[in-house]
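These notes are about the structure you will find just below.
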Amino acid sequence: MSAIITLSLLAILVLYLGLFKARRALLPVSLLGLVATVVLYGVQWGKTAEPLYSGMVLFDHFAVVFSVVCVILTILVLLLSKDYFDKSSPHVAEYYALLLFSLTGAVLVVSFHNLAMLFIGIEIMSVALYILAGIRKKDFASNEAALKYFLMGAYSTGFLLFGIALLYGASGSFDLAAIKEYVVSNPQGISPLFYAGILLLIVSLAFKLGAAPFHFWTPDVYDGSPILITIFMATVVKTAAIAGFLRLFYFCFIPLQDFWVPVLLVMTIITLFVGNLTAIVQQSVKRMLAYSSISHAGYLLFAIVAIGATSANSVLFYVTAYSLSTIIGFGSLILVKRATGSEHFEAFNGLAKKNPYLSLAIAIAMLSLAGIPLTAGFVGKFMMFSGVLADYQVLLVVLAVINAAMGIFYYFRVIVAMYFKPLDRDAIVVSGPYRVVFFLAALITLLLGVYPAWLTGLI
Amino acid sequence: MITLTHFLIVGACLFSIGLYAVMARRNAIMVLVGIELMINAAVLNLVAFGRYDSEHYGGQAFALFAIVLAAASVAVALAIILNVYRHYKTINPEDINHLKD
Amino acid sequence: MQALVFYAFSAIAIGSAVVLVSMQNMARALFLFFIVLFSVAGLYVFALADFVAITQILIYVGGVLVLMLFAFMLSNKTLLDQLQRGTSHFFALPVWQALLISACFLAILVYASLQLGTFQPAWMVAAEAAGTTIGPADSTVNHIGIHLMTRYLLPFEVVSILLMMALVGAAHLTRKEANP
């Protein structure tokens, strides 16, 4: 709880700093505050968790671990933000404040214990991002991305609200424990309202996660928003969405598995194919990463299809691996775009000669996204697949392996462009914070690939 | 006698009408109105169920949260929409210079 | 009598909503939205949620809708034309597909609601038996106030974060920047 208070006070503090024109202090203060949040979570670790505030939030291990992941990812994103916002507006404090508010929402989404907190958390997380997607006011694509993101987000909020209303009607409470109690104690007499509510919740959470057939906003929004905001959407928001999804279904809906697993199974397969097939034909790296993030949403859904005690661990591992690589991928795209003005595959040609370390980091990220052994991405995929295999859904695994092969094809295009397509170009200047972020992300990706046990025993 | 089912059916109708508006209309404002219809339908359901919950008043409290949140997001939405269309006048979508990073 | 008024409100709400979504003229559509919101507020009163109904009128009708109308009336002609024409970038499904999908949802929801007669959820039955349903004589405002400050304290406080964020964000988006 102290972490949530710290985060929201931090955002207000940042706004005050902006008011008093202390621009240089913005980034250090935000980073310090986030580190303090991580420490506060660390102190909480291991204590027995009780639902707080009449059962509104519960900081169990699941919540703490995913919150810490979200906070650390935000730290990395903020490190990349040095000098980034200055070009779009003289008022940068708002951007930091909005990012921090959005993070507060994400933390609420992963630690809710009452549907009211889920709803409000999702709203806080999303409304901040609607604004952030449109911060380039002079840029048409950014504005349009903001509008599209808003309309799709609000649409999914409508589904979420209606779904919650139906669950409430059937079970008489918004509290997760009470809903679980309802499901467990009436195995035969579950009201049809409850089933309809589950369907609507799946629709709405799939929207937030960007899973097919509710993915169509993702490419345009990821493409149109400023890259830094795209990183935040593709990592922190996705992490929070899948964690919230898993938390709700794991807590409450396991006894009704026979009803919703087939629905999710179909969605997962569509998501994988749509994401990968469209990613193959893209010419722009930014759009390729956007489509590939859809396919990763598909892999993440595996954990919910094969829901069980190990799901949380697989999701944690997968989402960490995916987010770290995505930060490197999009982060390097910021640099490449600054240098060449283009975000096509050709913009990466010959990068390995002039920037060997940067290229190495990008290569590690792409290998991890493709799921090559010795990287974290491989272990993540392995955990997902073995979870599904344990449920005897062999067909799903076969389809997923086909998709992983497609993924290898387009991720390798970046590597091929960097290493095997010679081109005379100037070296890209990589500033200090970028180096730190790339180094850390690549290092963790490799370490987790070799010693996965560090992360798998946490929840 | 007005039963719960009556409320639920009215809610279902409003929800579907809103859904239709979002999917079929091209106009951003009308899409927004459709979304508001969906939210209103959900609030109607909440208060209809909430009638049986005099212990916690859960339905009505949640309905209030939903209304307030919807209002706040409409304010943001109008800011975004006006921003977009202000640029329609000056910017031709075909020759937008893509994002500069 | 009561039932008659209820049916009238529902018919007005649903009828004007149908007309509203099929209308081309936006200003007229928004005025119809007025009627929908008012009649839905009337339905809230029938569900014994008088405070929610008043909030609906104050916030939705008095705030949201007036905001929308002002936004149009204060904007110039070209902007209005552009808004009317709209962009084709959202869903923009053909009408029959949109109709089909919404009809599916309607069917699912209506089916679920009709089942309610036979399968009334246990908690409602228990509440009716124990007499803990909200009655017309209960003062809802008192109870809502108490519950917002006790059981729903955390969400109540967290909503304030959202409100402030929306304020900051909307102000920032509409601020005129000299030269970025």
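The values are calculated or read from the model by the stated rules, or taken from the named source; none is laboratory data. Since the structure is predicted, the reported quantities are computational estimates derived from the model, not experimental observations. Cβ atoms come from the backbone with ideal geometry, glycine included; neighbour counts cover every protein chain shown.
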- Given A:ALA417, A:ALA441, which one is within 23 Å of the chain's Cα centre (by Cα) and closer than 25 Å to A:TYR291 by Cβ? A:ALA441
- Query: So A:GLN393 fits all but one of (1) closer than 22 Å to A:ASN313 by Cα; (2) surrounded by fewer than 18 Cβ atoms within 10 Å (Cβ to Cβ); what number is the exception?
  - Reply: (2)
- Query: Looking at segment B:1-37, which of the residues that are out of contact with any Ser or Thr (no Cβ under 8 Å at 6 or more places or on another chain) and of a type in the set (D, E, K, R) is nearest to C:PHE38 (Cα to Cα)?
  - Reply: B:GLU36
- Message: Restricting to segment A:128-141, give me the number of residues that are in a helix (DSSP H, G or I), within 14 Å of A:ILE229 (Cβ to Cβ) and at the interface with another protein chain (Cβ under 7 Å from one of its Cβ atoms).
- Response: 4
- Among C:ALA53, C:ALA29, C:ALA47, which is surrounded by 20 or more Cβ atoms within 10 Å (Cβ to Cβ) and either under 12 Å from the mean Cα position of the chain (by Cα) or in contact (Cβ under 8 Å) with a residue 12 or more places away in the chain (or both)? C:ALA53
- When you go through A:GLY197, A:GLY158 one by one, which is the residue that is at the interface with chain C (Cβ under 9 Å from one of its Cβ atoms) and either within 30 Å of A:ILE231 (Cα to Cα) or not hydrophobic (A, V, I, L, M, F, W, C) (or both)? A:GLY197
- Message: Of everything in segment A:71-127, what is more than 20 Å from A:ILE242 (Cα to Cα) and assigned to a loop (DSSP other than H, G, I, E, B)? Give them in sequence order.
- Response: A:SER81, A:LYS82, A:ASP83, A:TYR84, A:SER88, A:SER89, A:PRO90, A:HIS91, A:VAL92
- Item | Tabulated pairs, segment B:1-26, first within 7 Å of chain C (Cβ to nearest Cβ) and in contact (Cβ under 8 Å) with a residue 40 or more places away in the chain, second of a type in the set (Phe, Trp, Tyr) and in a helix (DSSP H, G or I), C-beta under 8 angstrom, 6+ apart or interchain | B:LEU4/B:PHE49; B:PHE7/C:PHE46
- Identify the residue in segment C:121-132 that is of a type outside the set (Gly, Ala, Ser) and surrounded by 16 or more Cβ atoms within 10 Å (Cβ to Cβ) and, among all such residues, is farthest from B:THR5 (Cα to Cα). C:TRP123
- Report whether or not A:PHE251 is modelled with pLDDT under 90 and in contact with a His (Cβ under 9 Å, 6 or more places away or on another chain). yes
- Query: If we scan segment A:349-372, do we find a residue that is within 14 Å of chain B (Cβ to nearest Cβ), in contact with a helix residue (DSSP H, G or I) (Cβ under 6 Å, 6 or more places away or on another chain) and hydrophobic (A, V, I, L, M, F, W, C)?
  - Reply: no
- Task: Working only within segment B:3-62, note down all residues that are of a type in the set (Val, Ile, Thr) and either buried (at least 24 other Cβ atoms within 10 Å of the Cβ) or modelled with pLDDT of 85 or more (or both).
- Result: B:THR5, B:ILE9, B:VAL10, B:ILE17, B:VAL22, B:VAL31, B:VAL33, B:ILE35, B:ILE39, B:VAL43, B:VAL47
- Note on segment C:130-180: residues among the hydrophobic types (A, V, I, L, M, F, W, C), within 27 Å of C:ALA49 (Cα to Cα) and either at pLDDT below 85 or not in a helix (DSSP H, G or I) (or both) are C:ALA130, C:ILE134, C:ALA137
- Item | Any hit, segment A:232-246, residues being more than 17 Å from the chain's Cα centre (by Cα), in contact (Cβ under 8 Å) with a residue 12 or more places away in the chain and in a helix (DSSP H, G or I) | no
- Note on the structure: Over segment A:158-203, the set of residues outside any helix (DSSP H, G or I) and in contact with a strand residue (DSSP E or B) (Cβ under 8 Å, 6 or more places away or on another chain) is A:PHE174, A:ASP175
- Item | Residues of segment C:120-141 satisfying the condition of being away from chain A (no Cβ under 14 Å) and touching a residue at least 60 places away in the same chain (Cβ under 8 Å) | C:GLY135, C:PRO136, C:ASP138, C:THR140, C:VAL141
- Message: Going through A:THR326, A:THR340, A:THR268 one at a time, which residue ends up being among the polar types (S, T, N, Q) and under 25 Å from A:LEU73 (Cα atoms)?
- Response: A:THR326
- Evaluate segment A:432-451: report whether one residue or more is touching a residue at least 40 places away in the same chain (Cβ under 8 Å) and not in a helix (DSSP H, G or I). no
- Query: Scanning segment A:358-381 for residues that are modelled with pLDDT under 90 and surrounded by fewer than 18 Cβ atoms within 10 Å (Cβ to Cβ), which turns out farthest from A:HIS296 (Cα to Cα)?
  - Reply: A:LEU374
- What about A:VAL336, is it in a helix (DSSP H, G or I), touching a residue at least 12 places away in the same chain (Cβ under 8 Å) and over 21 Å from A:THR239 (Cβ atoms)? yes
- In the set A:LEU9, A:LEU26, A:LEU17, A:LEU34, the lone residue that is at pLDDT 85 or above, within 14 Å of chain C (Cβ to nearest Cβ), under 25 Å from A:HIS91 (Cα atoms) and crowded, with 18+ Cβ neighbours inside 10 Å is A:LEU17
- Of the candidates C:SER102, C:SER113, the one satisfying the condition of being modelled with pLDDT of 80 or more, more than 10 Å from chain A (Cβ to nearest Cβ) and in a helix (DSSP H, G or I) is C:SER102
